[in-house]
Amino acid sequence: MNVFDFDGTIYDGDSTRDFFAFCLKKYPRTWLSLPRTGICAAGFLLHLMPKTRFKQNFYRFLRGVPDVEQAVEQFWQEHMQGIQAWYLKVKKEGDLVISASPEFLLGTPCRQLGILPPIASKVDAKTGVYTGVNCHGKEKVRRFREQFGQASVENFYSDSKSDAPMAELAAQAFFIQKGRVLPWPW
């Protein structure tokens, strides 16, 4: 099985940040979340707040989106061109995305690409509350093993060294840098 990170790897950019910007333009009520997000961002950057708590506060903007499912579909109608060309050349039906981005945001592009449903952070799309652990680092390995047991990973692709635990599972690992596929930087 081939396994991929999503943001900065398959997708050219950060899908969560792009979705947030999309919602700010389309849904004025999302602006109400900005003061709290700013305060929490400062707390996170100063190491006063853990990452999951910061992200959960950030996702409060979803409370200003009347129909998140519809907003996600509209977002991907406009952003599927962000899927990188190198990925489209190697894509296979059994590919798996494993990402720290929220699951509710990645289901649509995975479905449109014709690949497996993603393993991603479980975030309530209406409230922004995490219903699980941020799917990052070693948590990606745990979630992969939970779903696929001892299945082997033939190739793993990511743009982040924080994905080293997943890279270690793979027969081959690749580092994505500005759309280029490079050997993993062990």
Read-out Rg/Rh (Cα atoms, Kirkwood Rh), candidates [x] 1.04; [y] 0.96; [z] 0.94; calculated match is [y]
Please give every one of the lysines within straight-line cross-link reach of K126, meaning a C-alpha to C-alpha distance under 17 Å, and leave out same-chain neighbours fewer than 8 residues apart. K26, K55
Taking the 0 to 90 degree range and rounding to the nearest ten, how far is the long axis of helix 68-79 tilted relative to the main principal axis of the chain, both from C-alpha atoms? 60 degrees
Can you find, among I83, T131, S152, the residue sitting farthest towards the positive end of the charge dipole of the chain, where Lys and Arg contribute +1 and Asp and Glu -1 at Cβ? T131
How far is helix 103-113 tilted off the main Cα axis of the chain, in degrees rounded to 10, range 0 to 90? 50 degrees
What do you get for the angle between helix 34-45 and the principal long axis of the chain? Use alpha-carbon atoms, 0 to 90 degrees, nearest ten. 50 degrees
Given a 1.4 Å probe, how much area per residue of the chain is accessible, in Å²? 52 Å²
From the Cα centre of the range 63-92 to that of the range 140-181, the distance in Å is 22 Å
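The values are calculated or read from the model by the stated rules, or taken from the named source; none is laboratory data. Keep in mind the model is a prediction, meaning the values are calculated, not measured. Heads up, the Cβs are rebuilt from the backbone with ideal geometry, glycines too, and the neighbour counts pull from every protein chain shown. In case anyone asks, the SASA skips ligands and DNA or RNA and just uses the protein heavy atoms, side chains included. Shrake-Rupley method; radii C 1.70, N 1.55, O 1.52, S 1.80 Å.
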